Amino acid sequence: MNRILSLILLIATAGLSYADIPSGYYQRLDGKRKEELKTAAYQTVRPHTVVTYNSLFPTQFPKTDVYPELYNGQKRWWEMYSDMVFYVSRGWSGMNREHSFPKSWWGGDQNEAYTDLNHLYPSESAANMAKSNYPLGEVMTPTFNNGVTTVGYAYAGQGGGAAQVFEPADEYKGDFARTYFYMATCYQDYTWKYTYMVQNGTYPTLKPWAYELLLDWARRDPVSQKEIMRNEAVYQIQGNRNPFIDFPELAEYIWGTRTTETFYLADQGSTITPPITGEPELFAPIDGSSIDLGEVAVGKTQEVELLINGANLTSALSVRITGEDRGMYTLYTNSIPASQVNGDTGYKLTIRYTPTAVGEHNAALTIYDGGFPAGKTFHVDVHGKAYPVPVLTPLKALAPENLSATGYRARWAAPAEGEVVDYYIVNRTRHLPTGPVTTRLDAEDLFLDIDDRDENVEESYTVQSVRLGYESPLSNVITITTSSVLRVDVPEPLWVTDVPGGIRIMISGEHTDLIVTDISGKTVCRRASVGCNEIIHLPAGLYLVKTLQSPTPRKVLVK
């Protein structure tokens, strides 16, 4: 695929057309250099509206990642990971919501970065799986190559210690470079779990090898019309922009050849002008834009924080929910002080969606007052879609693959036919001497790679599916001992293992009427109910354990 050919209908013979940047939006950057410039960019772009994960494919990606021209008379997704054709009319089958800047690098928490559209792209699922959480780099020996995405072993000096690297096609190298510049700036205050390309600290945040590579890619693949249009679409949704697209030389001032120079807006050839002194302005939200609260089950509540940011307001802004389905939405306040709107970080207005009926619900947020002329209003369309409460069946956890002293791949079977799943939860329990410690980990595919196993610590996992905030019952338990992998896979599983000073109960769900007897038949312990991973302290000896759900006794020897 050739970028110029793919854009020919879009730009014809004209040059690149930059969208108008709101006056005053980048004013903090003016007159700054190097570290101070990066922090000024951080202060500018960090405040933004945080969209919901469930709204990405149905609502946001159609605005940000669809080719402008038709293909065989249809719209198709513009994804940068393969040359396959995915029609928008067919939904997102075979595609993933890809964090181009891997979410595991900050620990995977569902924070502002988790759904930041500036680094979220639709991706063909096989390429997404192959690239894993590898850093960007140039591949010397490939292990995966679909013609657009290449994964493999990096050249010397690249990779930051990762096993492999991900190299995008030449036509998208600049896109990914500017994406990473943005992430290293917008989230420069994060503490990183994986430091292949980043290091803790507000400057430079990117490691030297990383920013040198990204600068090279950005120089060789300049800003495209695709990036310009996408940046504007993201701004309409989130209320923030990628400054490395608006100012292609900005990265050079922060990490590259111009770090000794001062950045002046007037020198950048943009449409930036000083703010209009005394006249109220609203930078975010954009008048006529929309916000989607995603898919919600009836009775559940979804909240979104909408950034309200401006300058020169002289009185409080008034906000109201109007429209046909206004009863489905509530605001925490109807008045926002001017000082908060004018402030550097703006004001986050919480919009709550609590549907009482199945269907699509449309309303509007109306904004007025604040010193704007009488009758002047701003409108933001508000959408949400409610579904019946989902019925989720338990998943079947499978024995892990790629078991080693340091890791393994947890696996599970696909959900029942017809069940829609948003994502999966892996409940990983490490059985430490001080007691079990369980961590909940999110996964999009039918597996999750664990890379911090301690071969001297026994651990287990169960799996659940999640749809619209509802979780399925726990799956069966897969236990990884210090020496082998044991699998619990019977209709009513009960497995018992010895631990120092007693036994551990491994079950699926909750069992009742647990009875422990010694070899003579004497009952030594009885409990009305018992949960997975519970430990029962017993003296050394041979015991039989059963529950109402698993009446066949299990034998266990406590040493």
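Step through the residues of the range 181-187 one at a time and calculate ³J(HN,Hα) from phi using the Karplus curve (6.51 cos²θ - 1.76 cosθ + 1.60, θ = phi - 60°), rounding each to whole Hz and writing x for Gly and Pro.
4, 4, 5, 5, 9, 4, 10
Report the gain in length on full extension from residue 330 to residue 89: 0.36 nm times residue separation, minus Cα-Cα distance, nm rounded to one decimal. If you can, show how the numbers build up before the last one.
Details: separation 241, 0.36 × 241 = 86.76 nm, distance 3.23 nm.
This chain segment gains 83.5 nm when fully extended.
What angle do you read, to the nearest 10 degrees and between 0 and 90, between the alpha-carbon axis of helix 34-45 and the longest principal axis of the chain?
Helix 34-45 and the main axis of the chain meet at about 80 degrees.
When Rg is the radius of gyration of the Cα atoms in the range 194-251 and Rh is its Kirkwood radius, what does Rg/Rh come to? Present the calculation step by step, with values, prior to reporting the outcome.
Working: Rg = 13.3 Å, Rh = 12.9 Å.
With Rg and the Kirkwood Rh in hand, the quotient comes to 1.03.
Order the peptides 351-357, 550-556 from the highest to the lowest mean number of other Cβ atoms within 10 Å of their residues.
Numbers: 351-357: 17.7, 550-556: 14.9.
The densest-packed peptide leads the list: 351-357, 550-556.
So, for the chain, what is the accessible surface per residue at a probe of 1.4 Å, expressed in square angstrom? Don't skip to the answer; put the middle values down first.
Numbers: 23720 Å² over 559 residues.
Each residue of the chain exposes 42 Å² on average to a 1.4 Å probe.
Which one, 280, 517, 367, projects farthest toward the positive side of the charge dipole computed for the chain from Cβ point charges (K/R +1, D/E -1)?
Result: 517.
Quick one: the Cα spread of the range 299-427 along its three principal axes, in angstroms, biggest first?
66, 39, 17
I need the fraction of alpha carbon pairs in the chain separated by more than 48 Å, rounded to a whole percent. Provide the component values of the computation, followed by the final result.
On the way: 32146 of 155961 pairs.
Considering the chain, 21 percent of its Cα-Cα pairs are separated by more than 48 Å.
Once fully extended, how much extra length lies between residue 404 and residue 529, figured as 0.36 nm per residue of separation less the alpha-carbon to alpha-carbon distance? Mind dumping the intermediate values first?
Details: separation 125, 0.36 × 125 = 45.00 nm, distance 3.53 nm.
Gain in length upon complete extension: 41.5 nm.
Could you give the nm distance between label points at residue 46 and residue 192, where each point is 7 Å from its Cα heading toward the beta carbon?
Each label point is offset 7 Å from its Cα along the Cβ direction, giving 1.7 nm.
How big is the dipole moment of the range 105-209 about its Cα centre under a simple scheme where the beta carbon of each Lys and Arg is +1, that of each Asp and Glu is -1, and everything else is neutral? Debye, nearest 20, please. Don't skip to the answer; put the middle values down first.
Details: 5 positive and 10 negative charges, 54 e Å.
My answer is approximately 260 debye.
Roughly how many nanometres apart are two label points built 7 Å out from the Cα toward the Cβ at residue 286 and residue 260?
Calculated label separation equals 4.0 nm.
Charges on Cβ only, +1 for Lys and Arg, -1 for Asp and Glu, centred on the Cα centroid of the chain; of 125, 529, 139, which one is farthest towards the dipole's positive end?
529
Assuming R0 = 41 Å, can you tell me the calculated FRET efficiency for the pair residue 300 and residue 71, based on Cβ-Cβ distance, to the nearest 0.05?
Working: r = 37 Å, r/R0 = 0.91.
Computed FRET efficiency for residue 300 and residue 71: 0.65.
Would you mind working out the magnitude of the charge dipole of the chain relative to its Cα centre, with +1 at each Lys and Arg C-beta and -1 at each Asp and Glu C-beta, to the nearest 20 Debye?
On the way: 48 positive and 64 negative charges, 265 e Å.
The calculation lands at about 1280 debye.
With each pseudo-label sitting 7 Å past Cα toward Cβ, what's the residue 559-residue 155 distance in nm, one decimal?
5.4 nm
Using a 1.4 Å probe on the protein heavy atoms only, what accessible surface does residue 114 show? Give it in Å² to the nearest 10.
10 Å²
Determine, from the Cβ-Cβ distance of residue 481 and residue 357 and an R0 of 51 Å, the FRET efficiency 1/(1 + (r/R0)^6), rounded to the nearest 0.05. Mind dumping the intermediate values first?
Numbers: r = 50 Å, r/R0 = 0.99.
The calculated FRET efficiency here is 0.50.
How much length is gained if the chain between residue 420 and residue 104 is pulled fully straight, taking 0.36 nm per residue apart and subtracting their Cα-Cα distance, in nm to one decimal?
Values: separation 316, 0.36 × 316 = 113.76 nm, distance 2.44 nm.
Fully extending the segment from residue 420 to residue 104 adds 111.3 nm.
Of all the accessible heavy-atom surface of the chain, with the other protein chains kept in place and a 1.4 Å probe, what percent is carbon and sulfur?
Details: 12040 of 23720 Å².
C and S fraction of accessible area: 51 percent.
Could you go through the range 432-438 in sequence order and give the Karplus-derived ³J(HN,Hα) for each residue, using 6.51 cos²θ - 1.76 cosθ + 1.60 with θ = phi - 60°, rounded to whole Hz, and x for Gly and Pro?
Calculated HN-Hα couplings, in order: 7, x, 7, x, x, 10, 10 Hz.
The values are calculated or read from the model by the stated rules, or taken from the named source; none is laboratory data. Everything numeric here is computed off the predicted structure, so don't read it as measured data. Cβ coordinates were reconstructed from backbone atoms using ideal geometry, including for glycine residues, and neighbour counts include every protein chain displayed. To get the accessible areas, we keep the full protein, side chains included, count just its heavy atoms, and leave off ligands, DNA and RNA. Shrake-Rupley method; radii C 1.70, N 1.55, O 1.52, S 1.80 Å.
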